[in-house]
Amino acid sequence: MAETIETLEIVALDSRADGVAENGAAVPGALPGERARVQANGERNDLLEIVRESPDRAAPFCPWFGTCGGCAAQHMSERLYRDWKRGLVVDALARMQVEAEVGPLIDAHGAGRRRATFHARFPYAEQDEVGFMRARSHAVVSIGACPLFAPSMAGAVAAARALAADLRGLSKPLDIGVTATLDGLDVDLRGSGPLGPVETRKLVRTADALDLARVSNHGAAVLERRRPRVAFGATLVAPPPGGFLQATEAGEECLAAIAEEALTGARRVADLFCGAGAFALRFARAHDVFAADSDSAAIAALARTGGEARGLKTVAVEARDLFRRPLGAGELSAFDGALFDPPRAGAEAQARELARSALPLVVAVSCNGATFARDAKILIEGGFRVEKVAPIDQFRYSSHVEIAAVFRRKAKPRARRLLG
């Protein structure tokens, strides 16, 4: 079959940062305003040459850009990048017919990424592959370093490679989650299944050699040389192995600041999908807090910290699956405000109960524009108005954007006094 080569005008960017041609096809690597020679490949085209270059084209600073699937937008100018990323939130709301003013993109990269997940594959006759997923592929690209990592992640790539090599005999695909903590790197392995004594001894030797704080397997500690701690505001917490954290410290601080400002004056606050307490423990400096999450290990860490830390008000916790058993409208009547920060699937069931409740204030945090827009529409239909939508960029150069939004219940009109 003969190859079809065309020259196309690029008119837009899609949600993956691929150029969109005049015929609607995606052209990875192309920018709006450019003219590009492409080889037709179904709905996606392979970029052969930029015939006319956009003034918004920038030189990527990472040698793995375009091969590694972690970054999507290093080839854009700062102006185009910020407009495109804010537009991800604008477009998501528009698709759900939610009218809201979206603020400017907030840079929350800070010192850089403090956590990452590496993938390891063990080919039979080739060198082990340890790194990130390739762009548009299930294969792995081996990397030497990531320029978006925080300084505290120094040694993360070497640790991932060494621990993967320890488990090479298992011949299973492996995910290696590495988190930088105040006490060193905390590593959680996924995919290996139960470990035998030989593999365990290898991991212990590597942890000692690389001075790793902790190594765990599927959430169970293999070796804890030091208890890994992170700071949630002024409170130090020891999250469970593999526990969730925001990607950057600056991102977490920005989200918390928006929530704390909105909740000023509230006496009792509910933190839903709370994890180990990144928000709850900050709130507890000024509010009584109830926190719920399905992750029992994270809840246990929060309960322990809430009971031991000084300067906190009441912190009540519950291990609860908020997807299947959300806090009901009646339960929510005990609070003056609530925050929810669900996984990418969003919080549809919980949003419906919030909409049914008499709560005056809800703060929503989300990492998925589509599910955020759906949940926002539920709140609006339940009588809330959107006060603020802030797109927060802690996943720099990727197609992921964090969102913080404030919803206040509309004031009921006062009844008129009848004269006469």
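The values are calculated or read from the model by the stated rules, or taken from the named source; none is laboratory data. Here the structure is a predicted model, which means the values were calculated and not measured. Cβ sites come from the backbone with ideal geometry, for glycine too, and all protein chains shown count toward neighbours. For the accessible areas, the whole protein counts, side chains as well, though only heavy atoms, and no ligand, DNA or RNA atoms are used. Shrake-Rupley method; radii C 1.70, N 1.55, O 1.52, S 1.80 Å.
Shape call for region 271-420 from the C-alpha gyration tensor, a ≥ b ≥ c root eigenvalues: rounded (a/c under 1.5), prolate (a/b greater than b/c) or oblate? Because a/c hits 1.5 or more and a/b fails to exceed b/c, region 271-420 counts as oblate. Taking all protein chains into account, the per residue accessible area for the chain stands at 47 Å² (1.4 Å probe).
Surface composition of region 183-258: carbon and sulfur make up 53 percent of the accessible area, probe 1.4 Å. Cross-link partners for LYS202 among the lysines, with Cα-Cα distance under 22 Å and sequence neighbours closer than 8 places in the same chain left out: LYS172. Between region 209-246 and region 112-154, the C-alpha centres lie 21 angstrom from each other. Of all DSSP beta bridges confined to the chain, the antiparallel ones make up roughly 70%. Its Cα centre serving as origin, the chain has a Cβ charge dipole (Lys and Arg +1, Asp and Glu -1) of approximately 1400 debye.
Cα gyration tensor of region 231-352, axes a ≥ b ≥ c as square roots of the eigenvalues: rounded (a/c below 1.5), prolate (a/b > b/c) or oblate? Verdict is rounded for region 231-352.
Anisotropy class assigned to region 15-110 is oblate, per the alpha carbon gyration tensor with a/c at or over the 1.5 cut-off and a/b no larger than b/c. Carbon-plus-sulfur accessible fraction, region 73-169 (probe radius 1.4 Å, protein heavy atoms only): 52%. Do any of LYS85/LYS388; LYS85/LYS377; LYS388/LYS410 go past 19 Å between their Cα atoms, and which? Among LYS85/LYS388; LYS85/LYS377; LYS388/LYS410, the Cα-Cα distance tops 19 Å for LYS85/LYS377. Among the trypsin sites (Lys or Arg not before Pro) in region 75-140, those located in a DSSP loop and surrounded by at most 15 other Cβ atoms within 10 Å of their own Cβ are ARG136. For region 287-294, the Karplus equation 6.51 cos²θ - 1.76 cosθ + 1.60, evaluated at θ = phi - 60°, returns couplings of 9, 6, 10, 10, 10, 9, 6, 7 Hz by residue, with Gly and Pro reported as x.
Taking every DSSP bridge with both residues inside region 221-372, close to 15 percent are antiparallel.
A Gaussian network model of the chain, with springs between Cα atoms under 10 Å, assigns the largest mean-square fluctuation among ASP295, ASP208, ASP375 to ASP208. The helix-based estimate of mean residue ellipticity at 222 nm for the chain, built from -39,500 (n - 2.57) per DSSP H run of four or more residues and divided by its residue count, is -7000 deg cm²/dmol to the nearest 500. Using the Cβ of ALA234 as centre and a radius below 10 Å, the other residues enclosed give a net charge of +3, where K and R count +1 and D and E count -1.
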